[in-house]
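Heads up, the thing below is written out as structure tokens.
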Amino acid sequence: MQKIAFILNGEEVSLEVLSSTTTLLDWLREEKKLTGTKEGCNEGDCGACTVLVTDLKKGQAEHKALNACILFLPQLDGKSVRTIEGLASKTSDLRIQEEMISNHSSQCGFCTPGIVVSLLTAQLNKDKNYDDILAGNLCRCTGYTPIIDAAIAAEKNAEMPGWVKVDNNKLKKIAINKKSKQSKLFLPQTIKDLEKWCNKNPDGILVGGATDVGLWVTKKLMDLKQICFIGQISEMSQIKTANQSLNIGACTTIETLRNSIKISHPEFSELLRRYGSTQVRNAATIGGNIANGSPIGDSSPALIALGATISLNLNGKHRTIPIEEFFIKYGLQNKQKGEFIESINMPRKEENFRCYKISKRFDQDISAICGCFNITIKKETIINARIAFGGMAEIPKRAIAVEDFLIGSSWSEETISKACLEFENDFNPISDMRASSKYRNLVAKNLLKKYFIELSKTEKNTNVLRVEI
Ligand SMILES: Cc1cc2nc3c(=O)[nH]c(=O)nc-3n(C[C@H](O)[C@H](O)[C@@H](O)COP(=O)(O)OP(=O)(O)OC[C@H]3O[C@@H](n4cnc5c(N)ncnc54)[C@H](O)[C@@H]3O)c2cc1C
Ligand code: FES
Ligand code: FES
């Protein structure tokens, strides 16, 4: 049995971990009787369970809103957690709470604790993009206008709650204690530790952000043994810039990646803004998104079109493969027992890269289709083409027949129309609850046409305009 330590609403908690897959939500509600954190969906969708988790990164506090329902207790080791009960001082409410009352921003109240935590976290991070901030907080009664009104009103004269400094100081103390202790077996701090663990547990399960594994426990009710939490390996959580490429550690969260590539890869960054919600992106890792081999994961088709490679580590032995070679067939990846994804390498810049996510809802929805394009044109002739799709096959897959047709052809509307016919040689998509096969085939062709129009810089508008009322 192993011990973890973290700070809960200002108090240090030291726990013997009986089960590695106890969620923070269950523990808060059942053990600590802190029932302000609500259980809505228990699968990361509704945000009723949102808590504020603070971690020290290079001595700086990093505040994140996270879904407690798919957060396992060991993931909190060395961090601080604030629930709704721990936000206000003994004598007064937080300004955001006062404004939620004045603006009538709550009706049944079930979503309200999660919303207050999300808004406070945003305030601590000086983030005012309320559409993004609240995309993972579902309110079925109030409507979002009074909630956003409250958030805007609370911006004025907002004060940093006194406990922020106190928590940071306590975190520093915990970090010092942690360094002096031996690295915990199921919480490796270095790649070497992880290699050892994987060598000993070739059938073990790695947990990055648990936005997938969490649901195996809460929805499939699986009893998982041999688990290793890899989110604290700092060597695998960094993005390094080399001459022509970016090296992204597999434990980098989707939100960190999204923010880091806003300038170099604005299209990819925008695609990641549509990935789940703030809470999901704060937890999910790029390595986990690739490793689960999902045919509808968003980062894989983008990385394939960008020409990315992944570096795999088996007990210290590395091999690097083009990312498309990782996906063999549904549920089967090019990965040996005990092997893990250490990092992803992608070009620093690709001018002609575009990616499009098609889903039923704008936010917090899985792609029906995700089309990614990267075509190089020289003197009006296509000299290279990388096109990849999610949602069109049982794995994220390149459109090889379309690419072959395009390479060597002229960059023209006629070429694009003819190339569209090749999609049938590449894909035979299924019909499911997200889209029919017919719809998927049609959208794939239309996305290539959209890409052509956008790259040709004609006046035609390819986006639905936002209408201000
Ligand atoms: C509400 C919600 C919304 C979502 N929305 C989207 C979305 O819009 N787009 C999208 O693409 N996905 C979405 N997802 C899916 C999910 O975020 C990813 O598929 C997820 O796996 C991301 O990584 P993780 O770190 O959370 O993975 P985990 O759950 O920790 O792990 C997933 C799998 O990868 C393995 N693994 C993790 N890291 C490594 C590694 N370094 N090496 C080898 N194996 C590893 C694990 O063992 C496990 O098998 C959503 C999920 C939820 C709950
Ligand atoms: S209970 Fe719905 S996101 Fe956690
Ligand atoms: S107030 Fe009822 S769900 Fe938001």
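The values are calculated or read from the model by the stated rules, or taken from the named source; none is laboratory data. From a predicted model like this one, the values you see are computed outputs, not experimental measurements. Counting neighbours? That spans all protein chains shown, and the Cβs are built from the backbone with ideal geometry, glycine included. We work out accessible area using only protein heavy atoms, side chains counted, and drop any ligands, DNA or RNA first. Shrake-Rupley method; radii C 1.70, N 1.55, O 1.52, S 1.80 Å.
A few notes on this one:
- Take 84-90, 193-199, 221-227 and order them by the average number of nearby Cβ atoms within 10 Å per residue, most first; the result is 193-199, 84-90, 221-227.
- Simple point charges give the picture: +1 on the Cβ of Lys and Arg, -1 on the Cβ of Asp and Glu, and for the chain a dipole about the Cα centre of about 900 debye.
- Where both bridge residues fall in the chain, DSSP classifies roughly 90% of the beta bridges as antiparallel.
- Stretchable slack from Asp223 to Lys173, in nm (0.36 nm times residue separation minus alpha-carbon distance): 14.6 nm
- Computed E for Ile321/Lys128 - FRET, C-beta separation, R0 41 angstrom, nearest 0.05: 0.50
- Prolate/oblate/rounded call for the range 331-383, Cα gyration tensor, a/c under 1.5 rounded: oblate
- Between Asn247 and Glu98, the FRET efficiency estimated from the beta carbon spacing at R0 = 56 angstrom works out to 0.75.
- Long hydrophobic helices in the chain: the complete DSSP H runs spanning 15 Å or more by Cα along their own axis with mean Kyte-Doolittle hydropathy of at least 0.5 are 112-124, 144-155.
- Carbon/sulfur fraction of accessible area - the range 237-455, other protein chains in place, 1.4 Å, %: 51 percent
- Lysines with Cα under 21 Å of Lys418, excluding same-chain neighbours fewer than 8 positions away: Lys378, Lys379, Lys397, Lys438, Lys445, Lys449, Lys450, Lys457, Lys460
- Anisotropy class of the range 343-469 from Cα gyration tensor, a/c 1.5 cut: rounded
- Solvent-accessible area per residue for the chain (1.4 angstrom probe, square angstrom): 48 Å²
- Part-to-part distance (alpha-carbon centres) for the range 308-356 and the range 47-71, which is given in Å: 28 Å
- Accessible-area composition of the range 88-155, carbon plus sulfur, in percent [1.4 Å probe]: 51 percent
- Cα pair count fraction exceeding 39 Å, expressed as % - the chain: 25 percent
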